[in-house]
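Q: The structure follows.
The values are calculated or read from the model by the stated rules, or taken from the named source; none is laboratory data. Keep in mind that what you see is a predicted model, and the values were worked out from it rather than measured. Cβ coordinates were reconstructed from backbone atoms using ideal geometry, including for glycine residues, and neighbour counts include every protein chain displayed. Just the protein is used for accessible areas: all its heavy atoms, side chains included, with ligands, DNA and RNA removed. Shrake-Rupley method; radii C 1.70, N 1.55, O 1.52, S 1.80 Å.
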Amino acid sequence: MQILSIQLKNIKSHRDTELCFAPGINVLSGPNGIGKSTIFEAIGYALFGVDAQSFVGNVERFITIGARKGEISVVFQVADADCYRVSRTVGTPSKWLLARETGGAFEVEEHKDSRETEARLKELLRLSSGRSLAEQFELVIGPFQHEFLGPFVIRQPARRRDKFDEILGIDSWRKTFNATKALASAIKAKVAALESAIGPLKDQIAELPVKRAELKTARQGLSETERELTGQQQKLKELETRLSEADRCEQTLKNLEVEIGKLKERITNGQEKIRNQKRLIDEAEQAHKITEQTAAGRNAFEQAEKRLVELRTQVKEQRRFEQEVAGLDKQVGQLSERFEVESNAIRKNREEFSTEEKVLAESRKELRVDEELVKRAASLPKIRSALDQVRKQLGQLEGRRAGLEEGSEKLSAGICPFFQEPCLNIAEKPPKDVFSARFTDLDKERQRLTAEIEKIEQEEVLASQAQDRLKEVDVKSRGLDEQLEKLALKRQANETKAAGLEQLKQEQAEVCKQLAEKKQALAAYQRLQADIEAAEQEKGRHQEARDLFVANRQQAAALEQRRTELKKFEQLFSQLQVELTARDAAFDKAGKKYNPDEHQALRRQKDELSPKVGALGQKVAGLRAEVTRLSAEVDKLRQIEKDILARQEQIRAYQKKDALVKFLRNRVFRNVSASLSERFREEISQRANRIYRVIAETDEELCWGEDYRILLRDMVDGELRERVDDQLSGGQTMSAVVALRLAMLQTIGARNAFFDEPTSNLDVTRRENLAHAFRAIDVGQEDVTDHWYDQLFLISHDVAFTEVTDQIIHLDKTAFGN
């Protein structure tokens, strides 16, 4: 198997790192902390299923800081040249997927769970021993150097033996021997418990023959009582059948008697209904005559009433016209009043606008300014510029005076004003007074400039006042313009309103025209009240005839219906008489079949027989309960008897198991671990000795002794010398450990191995020899060992590997995305 490449995303310091590996020896180099060991850990995590906590303790520390999830992908090639990619994520939830390359793309294989994925990887890696892939990687294939070295330096032989038995996978035999001791004790305890439980059970089944005899007697008594009960129940059933027939005849007579009474009552009620119906028909015939006599008066009444409805409708029209006339009359008055009010308002507004226009004209005259004021305001910028210029000259003058005063003071003290040091020329020959005249000229110039500033400042005040006056006039002028614009708008609105008076006048004329038309239409309703009174008199004359017609109309209309109902009543009356005759005949016939004395005798016989049957039923129930109880007790005792036999069989089976366990513990488990250990140590020692001789370049013989102690043999002065453990140097121990591990990897059949700093604690010669030993292993030199592996991965800073390795991968911060 060959690992082709690995890709790490967000794993420790590797943000996004991808490395490709060559067949044979691959060396990872780089500064400490760059993440070399993380590459080994990632291969163990993804390809061998090692738990991340085995590397970092906390899974979150296996992920790059700031990331929530990490992922590792390893591409490898198996012996048949098929390529696979195994991917495993770090974080929750974790996914472990295996994909096979098909047609240039990887297709994920479907596995039920992680155990099925591990089994498939075991098959591909040809590591199908009883151990998990993770244990094989952590113990032999990929442990860090200090972890593999640890068991060799354990001082206690028993602990060292247990650790290497675990590494070699033979510790299970010793563990089984120890575990079967408890199993043998458990078997003995189980046999003792079964034997102690059988004793009380035998005492219980001693009562079984007595219980069987009681059960037989109870079943015989139950059978006899059930036969007697069956006979009495048959008699009671026959008696109940005869009694039921008698009860049925009795009930039939009672039902017929009730029905005959109901029929007689219905016949009586029918006769009464027929009499009442005939009376109602007479009343309906009389009402029919009255309606025929009053029909003409009723029609005249309705005509008069219809006329009144029409006249009242006209009254409503009359009132509507009166309301419209009143409204129009009021509208005419309002329009006249509005015309007069608006005319007066327009005239008044015109007068007010003229007055306001005159006032504004007078105000504009008052705002006129003379030309002198305008010129003075215009000269303000020029005056201020001149004032700034004079003030600037005055400032320069003050500076010059200050400089002269400073020079005068220094000269008087004998200090050179230029070099700021005592002046020898002045000390030998004092200068004349050259500053007084200059001070006088400066003072005169300052007085002149000051006077000029005062004059210009007065002119500035006058010009500023003139400018303020012009601004005030300008603001007031703009205000007058705005007032004139508003006045023009008001005058325009007033004239528009005046133009609307003509329309108002036309509207008034239109309303007057409508008022005249409505008054003319209202004159047509002058005789309306007289027509209403005449119609009401006509209605009163026919009121009595109409009332009689209405009062008798309903009865007259029901005449035909009442005659039909009378015929129906007479037919039902005839049917009831026929039905009564039939019921009387049936009653006489049923009375001949029924014998009251015989019916009463049957009732007495039933009353006497029923208690006997009930008592027999209770007796049967009691006997059945007794039989059930005894059957349960007998079944229970039989089950106890079966349990005794079963437990005796269990005792015999446990005794056989006890003999087998003793045989296995004494003959097999006790010796297998030691035998396997001796065989493994012998085979590994032979291979390790050849490797060690190449690394050490000595005639020392490496042997893996009893309890897995490192033993070196050589000849000193013709005598055999043996050295173990603490008698060896650090280099000898490390060389022996590396040789033993290489031999162990070959023995378990691992095709890949990982070494972390294998040259630590070795001198220069041993490091070079170890490198050449790895190369000799790679090419399969017989003086070292057979060519047993596909790839070796080493982490090393040693230059000794540069000449013998197939590929050196140098890791730095540019090799991956940090």
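Q: Using only the Cα atoms of the stretch 286-362, what are the Rg and Dmax in Å?
A: Rg and Dmax of the stretch 286-362, Cα atoms, are 33.2, 111 Å.
Q: With labels modelled as points extended 7 Å from the Cα through the Cβ direction, what inter-label distance (nm, one decimal) is found for A213 paired with L243?
A: It works out to 4.5 nm between the two label points.
Q: Hey, with R₀ at 60 Å, roughly what FRET efficiency would A646 and Q807 work out to, going by the Cβ-Cβ distance, to 0.05?
A: Working: r = 70 Å, r/R0 = 1.17.
Efficiency, rounded to the nearest 0.05: 0.30.
Q: Taking each full run of DSSP H in the chain as one helix, which ones are at least 24 Å long along their axis (Cα atoms) and have mean Kyte-Doolittle hydropathy of at least 0.5?
A: Values: long enough: 171-204 (51 Å, -0.19); 208-293 (119 Å, -1.22); 295-366 (106 Å, -1.18); 380-412 (48 Å, -0.85); 436-522 (127 Å, -1.00); 559-593 (52 Å, -0.91); 596-663 (99 Å, -0.81); 670-696 (38 Å, -0.69); 730-748 (27 Å, 1.00).
Span-like helices here: 730-748.
Q: Between Q686 and K188, what's the calculated FRET efficiency when r is the beta-carbon distance and R0 is 45 Å? Round to 0.05. Spell out each step's value before the answer.
A: Values: r = 45 Å, r/R0 = 1.01.
Between Q686 and K188 the formula returns 0.50.
Q: Something else about it: Through the Karplus equation 6.51 cos²θ - 1.76 cosθ + 1.60, θ set to phi - 60°, convert the phi angles of the stretch 96-108 into ³J(HN,Hα) values in whole Hz; use x for Gly and Pro.
A: Calculated HN-Hα couplings, in order: 10, 10, 10, 10, 10, 6, 9, x, x, 10, 8, 10, 5 Hz.
Q: Continuing with the same structure: For the stretch 428-514, what % of the accessible area comes from carbon and sulfur atoms, probe 1.4 Å?
A: Values: 3310 of 6520 Å².
Heavy-atom surface of the stretch 428-514 belonging to carbon and sulfur, 1.4 Å probe: 51 percent.
Q: Can you tell me what the convex hull of the Cα atoms of the chain projects to on average, as an area in nm²? Working shown, then result.
A: Details: hull surface 499.8 nm².
Averaging across all directions leaves 124.9 nm² for the Cα convex hull.
Q: Please compute the modelled spin-label separation between N666 and T92, points set 7 Å along Cα→Cβ, answer in nm with one decimal.
A: Spacing of the two 7 Å Cα→Cβ label points: 5.5 nm.
Q: For the stretch 566-691, what is Rg from Cα atoms divided by 2.2 N^0.38 Å, rounded to two decimals? Write out the running numbers ahead of the final one.
A: Working: Rg = 48.9 Å, N = 126, 2.2 N^0.38 = 13.8 Å.
For the stretch 566-691, the normalised Cα radius of gyration is 3.54.
Q: What full-extension length gain, to one decimal in nm, is calculated for E250 and R709 as 0.36 nm per residue of separation minus the Cα-Cα distance?
A: Result for the pair: 153.4 nm of gain on full extension.
Q: Can you give the Kirkwood hydrodynamic radius for the stretch 192-290, in Å, rounded to one decimal and based on Cα pairs? Write down the numbers at each step before the final one.
A: Numbers: mean 1/r = 0.0438 Å⁻¹.
It works out to 22.8 Å.
Q: Which is the longest stretch in the chain that no exposed loop site breaks, taking sites as GluC sites (Glu not before Pro) with a DSSP loop state and at most 16 other Cβ atoms within 10 Å? Mind dumping the intermediate values first?
A: Values: sites that count: E109, E110, E697, E782, E803.
Answer - 111-696.
Q: Would you mind checking the radius of gyration and Dmax of the stretch 660-775 based on alpha-carbon positions, in Å?
A: Considering the stretch 660-775 through its Cα atoms, Rg and Dmax are 16.7, 58 Å.
Q: Please give the per residue volume of the convex hull enclosing the alpha carbon atoms of the stretch 447-597, rounded to a whole number of Å³.
A: Given the Cα convex hull of the stretch 447-597, per-residue volume reads 567 Å³.
Q: Pick out, in residue order, every one of the trypsin sites (Lys or Arg not before Pro) in the stretch 1-94 that is DSSP loop and has at most 11 other C-beta atoms within 10 Å; say none if there are none.
A: Working: sites: K9, K12, R15, K36, R61, R68, K69, R85, R88; in loops: K12, R68, K69.
Hits after loop and neighbour filter: R68.
Q: Given H placed 1.01 Å from N in the peptide plane, which residues other than close sequence neighbours of I808 have an amide H under 5 Å from its amide H?
A: Result for I808 returns V27.
Q: Between D282 and D726, how many nm apart are label points set 7 Å from Cα along the C-beta direction?
A: Label at D282, label at D726, 15.2 nm between them.
Q: What accessible surface, in Å², does a 1.4 Å probe find on D51, ignoring ligands, DNA and RNA and rounding to the nearest 10?
A: 80
Q: Let me ask something else. Need one value: the accessible area of L236 in square angstrom, 1.4 angstrom probe, rounded to the nearest 10.
A: So the heavy atoms of L236 present about 20 Å² to solvent.
Q: What base-10 log of the normalised intensity I(q)/I(0) is obtained for the stretch 112-241 from the Debye formula, alpha carbons as equal point scatterers, at q = 0.20 Å⁻¹?
A: Evaluating at q = 0.20 Å⁻¹ gives log10 I(q)/I(0) of -1.16.
Q: Any chance you could run the full-extension gain for E257 through E356? It's 0.36 nm times the residue separation minus the Cα-Cα distance, nm to one decimal. All intermediate terms of the calculation are to be shown ahead of the outcome.
A: Details: separation 99, 0.36 × 99 = 35.64 nm, distance 12.44 nm.
Result for the pair: 23.2 nm of gain on full extension.
Q: Also: List the residues whose amide H sits under 5 Å from the amide H of L4, counting only those 5 or more places along or on another chain, with H placed 1.01 Å from N in the peptide plane.
A: V75, F76, Q77
Q: Follow-up question, since we're still on this one. Per 0.36 nm of contour for each residue apart, how much would the distance between L397 and L367 grow if the chain were fully extended, relative to their Cα-Cα spacing?
A: Numbers: separation 30, 0.36 × 30 = 10.80 nm, distance 4.65 nm.
6.1 nm is the gain from fully extending L397 to L367.
Q: Follow-up. Average projected area of the Cα convex hull of the stretch 253-409, in nm²? Can you show the working numbers first?
A: Numbers: hull surface 197.5 nm².
For the stretch 253-409, averaging the hull's shadow over all directions gives 49.4 nm².
Q: Follow-up question, since we're still on this one. Kirkwood Rh over alpha-carbon pairs of the stretch 1-154, then Stokes-Einstein at 4 °C and 1.567 mPa s: what D in µm² s⁻¹, rounded to an integer?
A: Answer from the Stokes-Einstein relation: 79 µm²/s.
Q: Solvent-accessible area per residue for the chain at a 1.4 Å probe radius, Å²?
A: On the way: 49960 Å² over 818 residues.
Per residue, the chain has 61 Å² of solvent-accessible surface.
Q: Of the heavy-atom accessible surface of the stretch 128-274 (probe 1.4 angstrom), what whole percent is carbon and sulfur?
A: Numbers: 4680 of 8890 Å².
After summing per-atom areas, the C and S share lands at 53 percent.
Q: How much FRET efficiency would the formula 1/(1 + (r/R0)^6) give for E678 and I65, where r is the Cβ-Cβ distance and R0 is 60 Å, rounded to 0.05? Provide the component values of the computation, followed by the final result.
A: Numbers: r = 51 Å, r/R0 = 0.84.
About 0.75, to the nearest 0.05.
Q: Continuing with the same structure: Let me check I have the definition right: for the stretch 58-134, take the eigenvalues of the Cα gyration tensor, multiply each by 5, take square roots. What are those semi-axes in whole Å, largest first? Walk me through the numbers on the way to the answer.
A: Values: eigenvalues 117, 55, 25 Å².
In descending order, the three semi-axes are 24, 17, 11 Å.
Q: Hey, how many Å between the Cα centroid of the stretch 203-262 and the Cα centroid of the stretch 434-481?
A: Using only Cα atoms to place each centre, the spacing works out to 150 Å.
Q: If you take the C-alpha gyration tensor of the stretch 595-634, multiply each eigenvalue by 5 and take the square root, what semi-axes do you get, largest first, in whole Å? Don't jump to the answer; show the numbers that get you there.
A: Values: eigenvalues 304, 6, 3 Å².
Result for the stretch 595-634: semi-axes of 39, 5, 4 Å.
Q: Please state the Cα pair-distance histogram of the stretch 514-565 with 5 angstrom bins from zero: what percent is in each bin?
A: 4, 14, 12, 10, 10, 9, 8, 7, 7, 6, 5, 3, 2, 1, 0
Q: Let me ask you something else. Assuming 1.306 mPa s and 10 °C, estimate D for the stretch 1-82 with Stokes-Einstein, Rh taken as the Kirkwood radius over Cα pairs, in µm²/s.
A: Working: Rh = 13.4 Å.
Answer from the Stokes-Einstein relation: 118 µm²/s.
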